[in-house]
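First comes the structure, then the notes that go with it.
Quick note: the coordinates plus some simple rules give every number you see, no bench work behind them. These figures come from a predicted structure and were not determined experimentally. Glycine also receives a Cβ, built like all others from the backbone with ideal geometry; neighbour counts cover every protein chain displayed.
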Amino acid sequence: MNEIVATLYSLFLRFGYGAEFVGVILDNAGFPIPGELVLLITGSLVSSNEFSHFPAVLVAACGALLSDSLWYLAGKFGSKNLLHLYCKVSFGSKACLSKTERYLTRFGPRSLLYARFVPGFRTFAAPMAGINRIPYRQSLDVQMNADVLLLLQWNDPREQGNVPGKLFEYIAARRPVLGIGLADGVPARILKER
C-alpha cells in the first residue's frame, strides 16, 4: 500500500491539479483506483501548502460534475447492454445495474442524493438516471433544492485529511451542509471557509 501512496503522491507533485482532476474522474467512473487516496493526498497537499485550498476544491468539484455528467449522457444515449457489460466486468455481476434501477424506480431522482453512500449504486446512478430518462436538470435540482445536505465523517484523528468526493458536489450545489464527525479535519475547514 505504501508503494501506491508514494506513486500517487509523486504523480500529484509532478502533474499538480491535473492528477487530482483525473483521479476524481476515474474514481467516479468506477475504475478500480484508490479513490479515497486521491482525496487524502489532495488534503495532505493542501495542508502542506503545496496545493491551494480553493483551486483544489474547485478541481475536485469540476471532476465530479464532469464525470457524473458524462455517465448520465452515456446512459441517456448509450446502450444498456454496454453498461451491463461494464457492471459485470467491474463488479463481477450484472446485479449492480438492476439494483441501481430498482433504487431509481422506487425513490426517483431523490435517490441520487444518497447514491454516493451505496456501493455499486454510486457508479451506476448517473447512467441509470440517463437510461430512465430522468431529466438532467431535475437530478441537479433535487440536490440544489435540498434544505440541507448531510456529510458524514468518521470522528477519528487519522481521517483528518480524508475529503469525500460528495463534499465537492455539495459545494457546487451551494446549499447548507451539515457535517457530522471530525470537527477539525480538512472537510471541516473547507466547510467553515466557504
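Worth a mention:
- Close amide H partners of Leu149, meaning residues 5 or more places away or on another chain with modelled amide H under 5 Å apart, are Val177, Leu178.
- Virtual paramagnetic centre 7 Å along Cα→Cβ of Leu26, amide N under 18 Å, in the stretch 46-64: 59-64
- For the stretch 1-77, diffusion coefficient by Stokes-Einstein and Kirkwood Rh (Cα), 4 °C, 1.567 mPa s, µm²/s: 102 µm²/s
- Where labels lie 7 Å past Cα in the beta-carbon direction, separation of His84 and Arg194 in nm: 3.9 nm
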